[in-house]
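Taken together, the values in this text are just the output of simple stated rules run on the coordinates, not laboratory data. Quick caveat: nothing in here was measured; it's all calculated off a predicted structure. Virtual Cβ from ideal backbone geometry, glycine too; neighbours counted across all protein chains shown.
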Amino acid sequence: MRRLLLLRHAEADWPDGLTDALRPLSERGERDAPTLGKAILRAGLVPDFALISAAVRTRQTWDLVTPHLGKEVPMREEDGLYGAAEKTLLDFAQRTPDEIQTLLLCAHNPGLERLARSFAKSGDADAIRRVEKKYPTSGLAVIELPVHRWKDATPPAGRLEMFLTPASLAG
């Protein structure tokens, strides 16, 4: 059994003169990311490894999440995750070494949302409904995969166990 965590970066700002990849987090994003890190720890979802898009806002999101995980989580920045389509994100997951049980991908929409939806054919009904409605910034889809090897992780074989968002954590 494997677990895939799909984390959309926290809310970003739109400063003048910066390219999209260089956009930093907004004040709200800086508040939401630590809250999500605490929720990951409380839910027992701390990943064994994280792949993070090289965009500024994803790196900042991870930097604010990770101090709340209770342990240091190995990570690697990947240029190929910036703006990645669903298939590219899945390819990254499928190339994960099999000794890793729980993988976190911190990336962007629409690819992240599409990948989560492709796995959201079974699981928690409320989580499925919310993923299909909207995948907000700081959204985290938790997908259980009934596979022994990452290369076998293929939608729709998987189960959406939960979908954490700033709104769901606040209420």
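Tabulated data
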| item | result |
| --- | --- |
| Under-5 Å amide H pairs with F49, H placed in peptide plane, nonlocal only | T102, L104 |
| Student exercise, segment 94-171 dipole from Lys, Arg, Asp, Glu Cβ charges, in Debye to nearest 20 | 300 debye |
| Given charges at beta-carbon only (K, R positive; D, E negative), |dipole| of segment 109-153 in Debye | 160 debye |
| Tensor-based shape of segment 1-97 (alpha-carbon gyration tensor, a/c under 1.5 rounded, otherwise prolate or oblate) | oblate |
| Computed [θ] at 222 nm, deg cm²/dmol, the chain (DSSP H ≥ 4; -39,500 (n - 2.57); rounded to nearest 500) | -10000 deg cm²/dmol |
| Net charge dipole size for the chain [Lys, Arg +1 and Asp, Glu -1 on Cβ; Debye, nearest 20] | 480 debye |
| Fewest-first ranking of I52, I128, using other Cβ atoms within 10 Å as the exposure measure | I128, I52 |
| Karplus-derived HN-Hα couplings along segment 106-120 (A = 6.51, B = -1.76, C = 1.60, θ = phi - 60°), whole Hz, x at Gly and Pro | 10, 8, 10, 8, x, x, 5, 4, 5, 5, 4, 5, 5, 8, 8 |
| Cα-based shape type of the chain, given that a ≥ b ≥ c are square roots of the gyration tensor eigenvalues and the cut on a/c is 1.5 | rounded |
| Residues E78, E99, E132 arranged by fewest to most Cβ contacts within 10 Å | E99, E132, E78 |
| Built amide H within the under 5 Å cut-off of Y82, gap 5+ | A54 |
| Pairwise label distance in nanometres, M1 with K151, each label 7 Å out on the Cα-Cβ vector | 2.5 nm |
| Segment 99-171 and segment 12-52: distance between their alpha carbon centers, rounded to Å | 17 Å |
| Proximal lysines relative to K87, as straight alpha-carbon distance under 16 Å, when same-chain residues fewer than 8 apart are discounted | K151 |
| Nonlocal amide H pairs with E77, under 5 Å, H built at 1.01 Å | I52 |
